[in-house]
Amino acid sequence: MTTTVALSPPVRSGRLWRGIKWATVLVLASCLVVAAAIGAWTISLGPLSLKEARQVSTTVVDRNGKLLRAYAMSNGRWRLPVDARTDVDPGYVDLLLAYEDQRFRSHIGVDPWALGRAAFQLVTRGHIVSGGSTITMQLARLIEPRRRRSFYAKLHQVVRALEIERRLDKDQILNLYLALAPYGGNLEGIRAASIAYFGKEPKRLSLAEEALLVALPQSPETRRLDRHPAAAQAARDRVLDRMVEEGKVSAEDAAQAKSVAVPRMRKHMPILAPHSADRATATVKDATTIRLTLDGSLQRTLETLAKDRAVALGPDISVAIVAVDNQSGDVLARVGSPDYFDDRRAGQVDMTRAIRSPGSTLKPFIYGLAFEDGFVHPESLIDDRPIRFGSYAPENFDMTFQGTVSVRHALQLSLNVPAVALLDRVGASRLSSRLRQAGADLVLPTNEVPGLAMGLGGIGITLQDLVQLYAGLPRLGSTVPLREIVQAGESPREPLRLLDRVAAWQVGNVLMGTPPPENAVRNRIAFKTGTSYGYRDAWSVGFDGRMTVGVWVGRPDGAPVPGLVGRAAAAPILFDAFARSGKLPAPLPKPPPGTLIAANAKLPLPLRRFRQAGELVQTSRDRPLHIQFPLNGSRIDASTTDPAQRYSAVPVKVAGGVLPMTVLVNGVSAGDFDSRRQRLVDPPGPGFVRLTVMDATGAADTVVVRIQ
């Protein structure tokens, strides 16, 4: 009886005392909130500036938004832009709010219950168990940091928190906190921390990683992973323990997360496509995020390929690669050098934009103009034999001659003499003009004009311009200016004329049969190689129906490299680039209407063999082949009143020549002449039309008229 009376008062007294303490804490917390509300209007803190807090590192991303490269801010800190809804794992956000600010979505910037709980835990347990600061109050401290802890400093945070809540919505507050939270050293924000510590974006974090990133901002310097990994791990485990206590995480999941060791070293920030990123930041000013057309996965693959091949080729050899989408002209990958930080290879020089001698890589466009003009066909025969053009006597790379070969064979084997003979017929100035018209910036030696040597590399061009030209072949004759930086409101790019559709298809069809390098599959891509004079540059450019890739190999300083040839040095890299792209080669376009596909024996007689200009046989001593009508440069009204026929036929009359004779319209055969040397030709449409007549001896005459 006495025992019962003696025990009752102490129990009631303990509960009462705890209740008094709890009530006192809540009253104090409420008073603090009221004081803060009053102080927001009475304490002169000056205007809250968010301009500096919103400054972030400039980031360059690929076509899919993946980070290629980030640049540190002027103060040396890494602070990457972040959006909690798209850039961060939802599990991390849930864990952060559960640990730091459970009523974040409902309070006004200050949470009295959290302040009271924190104070009560401090009184009853003798140490800090949980903080009373909300995410908004922590953001206020990050925006306006205070060196010392004091009541005034806390009041300052409360005032600013209330002001922040009035100016920003909850998502903006959370994003700003996730960008500013410190993670040790010069790392600020969840993205910088996740990339530096885990080597990945914070979109898919494990529970162990989430808990670690929640723990680090509380004491970022004493928990730095590269200096105090044990302290960081202990802090992570405390976060997990508390989440288990509150039922947010299961004990099994927490135990598994605790078994994961924390990283002990920082990783390098990504630096993909450094040359493209440097150029983009120099071009686009005052942009926090710059989007490029590059494909990050392909870029990484080709950078690795270039580095591996450069190591195998030698310490002074550099490799450059450009890959573009044929249809859009978007640059999918650009490798300016195998190692951006390799001084010996001049790694920071972008060799995709360096002017170099193209070797034989311009030959396909010589053949294309010859096909377009209609005096040669892929199955025509052409002589590969010693010949002299004034003082210029071209020779083949192997110093031998093949004799009479097909035009197809001559281009596939990259024979020099047939190419120069065709260029002499086409005209070097016309070739130069057409390539410039298609978007290539050709550089001639000082005080020089286009000459026959340009067909073998006697001119300067960049790898990116060469790739743009080659991309016009699978586009059936039109190029499109390359695009690498995605900018809002940019105007569409107009196609540029390279060749007519039939000629472009014929060139692509011939290049598809070029013998591939060793161990490569035949007839997968159309390609051409080239080697500049003195073994200074090795090239290989190829395309399928989807993509065009160009490869350059050589020394950045232009020094010769004995034995460096395109077929052995650049072509294997080209085939590897297509093989590693992750996609099967796409087929080339089908032949356009009007394409003449025939064996040599079935060709019109003038197309069976190519004759040089000096070898053309006149039809008679006094009557050479000549187009009498229409006259060169004339305008012809071909309109018609017949609704079923858009344009009336145009009569073509010739004098002289040896029958049979063939007329070609823009390089496409339009039939033979009758015995009176006359023929009606259907014009392809309005505009300039090239009419070429060839007789049985190979003699030809050409006029250009305008149809209206």
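The values are calculated or read from the model by the stated rules, or taken from the named source; none is laboratory data. Values in this document were obtained by computation on a predicted structure and should not be read as measured data. So basically every Cβ, Gly included, is an ideal-geometry build from the backbone, and we count neighbours across all protein chains shown.
In segment 506-529, the residues that are in contact (Cβ under 8 Å) with a residue 40 or more places away in the chain form Cβ pairs under 7 Å with partners that are charged (D, E, K, R) and part of a loop (DSSP other than H, G, I, E, B), at six or more places apart or across chains, as follows: PRO516/ARG522; ILE525/ASP544. Checking each residue in segment 350-387 for being more than 22 Å from ALA526 (Cβ to Cβ), surrounded by fewer than 24 Cβ atoms within 10 Å (Cβ to Cβ) and small (Gly, Ala, Ser) picks out ALA354, SER357. All conditions but one from (1) over 22 Å from the mean Cα position of the chain (by Cα); (2) part of a helix (DSSP H, G or I); (3) within 30 Å of ALA559 (Cα to Cα) apply to ALA504; the one that does not is (3).
Return a yes/no flag: does segment 442-456 have any residue that is in the same structural domain as ASP295 (by TED's automatic domain parsing), closer than 26 Å to GLY558 by Cα and modelled with pLDDT of 95 or more. Looking for residues that are in the same structural domain as ASP295 (by TED's automatic domain parsing), closer than 26 Å to GLY558 by Cα and modelled with pLDDT of 95 or more, one finds at least one in segment 442-456, hence yes.
From the list PRO660, PRO684, which residue is assigned to a loop (DSSP other than H, G, I, E, B), surrounded by fewer than 19 Cβ atoms within 10 Å (Cβ to Cβ) and touching a helix residue (DSSP H, G or I) at 6+ places or on another chain (Cβ under 8 Å)?
PRO660
From the set of residues in segment 418-474 that are of a type in the set (Lys, Arg) and within 21 Å of LEU496 (Cβ to Cβ), which is nearest to the chain's Cα centre (by Cα)?
Among residues in segment 418-474 that are of a type in the set (Lys, Arg) and within 21 Å of LEU496 (Cβ to Cβ), the one nearest to the chain's Cα centre (by Cα) is ARG436.
Residue check: LEU442 meets all listed conditions (1) over 23 Å from PRO495 (Cα atoms); (2) without any contact (Cβ under 8 Å) to a residue 24 or more places away in the chain but one, namely (1). Quick check on LEU473: is it under 26 Å from TYR535 (Cβ atoms) and touching a Gly at 6+ places or on another chain (Cβ under 8 Å)? In short, no. One residue alone among LYS267, LYS200 is touching a residue at least 60 places away in the same chain (Cβ under 8 Å), surrounded by fewer than 16 Cβ atoms within 10 Å (Cβ to Cβ) and more than 23 Å from GLN138 (Cβ to Cβ), and that residue is LYS267.
Residues checked against (1) of a type in the set (D, E, K, R); (2) touching a residue at least 60 places away in the same chain (Cβ under 8 Å); (3) surrounded by 15 or more Cβ atoms within 10 Å (Cβ to Cβ); (4) assigned by TED's automatic domain parsing to the domain that holds GLY184:
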residue	(1), (2), (3), (4)
VAL56	no, yes, yes, yes
GLY65	no, yes, no, yes
LEU68	no, yes, yes, yes
ASP89	yes, yes, yes, yes
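Among the residues of segment 539-555, write down those that are surrounded by fewer than 24 Cβ atoms within 10 Å (Cβ to Cβ), farther than 17 Å from LYS307 by Cα and in contact with a strand residue (DSSP E or B) (Cβ under 8 Å, 6 or more places away or on another chain).
ASP544, ARG546 - these are the residues of segment 539-555 that are surrounded by fewer than 24 Cβ atoms within 10 Å (Cβ to Cβ), farther than 17 Å from LYS307 by Cα and in contact with a strand residue (DSSP E or B) (Cβ under 8 Å, 6 or more places away or on another chain).
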